[in-house]
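These notes concern the structure reproduced below.
The values are calculated or read from the model by the stated rules, or taken from the named source; none is laboratory data. Note that the structure is a prediction, hence the values are computed from the model and not measured. Heads up, the Cβs are rebuilt from the backbone with ideal geometry, glycines too, and the neighbour counts pull from every protein chain shown.
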Amino acid sequence: MTTLAAQIGLRASDWSALALGHGFHATKQGERYTLSEPVRRTVLDRLLALNHQRFAEEVKAGLHDKAAKKGKAQSKSKAASPNPAAPAQGELIKPPQLELFG
């Protein structure tokens, strides 16, 4: 994330008190321009908490109903089963008509 985009994101999410510590830092992929490690962990912790909060709100709104999931899973399994009326894969490609080339 660029510094400007990061600042805009922080203002939008009310995390403006967080000093990002942008700079070149050692990562598993080598030295990269990124957030400092303590800030990266703080951001990930806050995002995880926000994810849990949003999920709880979705559950409360009934968006993660187990019965609805069960119905979706059954419809997916039906869609995944092969269609017996469909032609076999070998029948999709027809051999060349030699009289056209001869």
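Taking only the stretch 10-37 into account, find how many residues are out of contact with any Pro (no Cβ under 9 Å at 6 or more places or on another chain), modelled with pLDDT of 60 or more and surrounded by 13 or more Cβ atoms within 10 Å (Cβ to Cβ). Reasoning before the result, please.
The first filter runs over the stretch 10-37 and keeps only residues out of contact with any Pro (no Cβ under 9 Å at 6 or more places or on another chain), leaving 10-20, 22-37.
Next, only the ones that are modelled with pLDDT of 60 or more stay: 13-20, 22-37.
This time we only want the ones that are surrounded by 13 or more Cβ atoms within 10 Å (Cβ to Cβ), so: 13, 15, 18, 20, 22, 25, 34-36.
Going through the stretch 10-37 one residue at a time, the tally reaches 9.
Looking only at the stretch 18-49, count every residue that is part of a helix (DSSP H, G or I) and free of Cβ contacts under 8 Å to residues at least 12 places away in the same chain and tell me the total.
Qualifying residue count, the stretch 18-49: 7.
Looking only at the stretch 22-53, filter to residues that are of a type in the set (Asp, Glu) and touching a strand residue (DSSP E or B) at 6+ places or on another chain (Cβ under 8 Å); which one of those is farthest from His64 (Cα to Cα)? Give the derivation first.
Initially, the stretch 22-53 is screened for residues of a type in the set (Asp, Glu), giving 31, 37, 45.
In the following step, the residues that additionally are touching a strand residue (DSSP E or B) at 6+ places or on another chain (Cβ under 8 Å) were identified as 31, 37.
Details: Glu31: 41, Glu37: 34 Å.
So the residue we want is Glu31.
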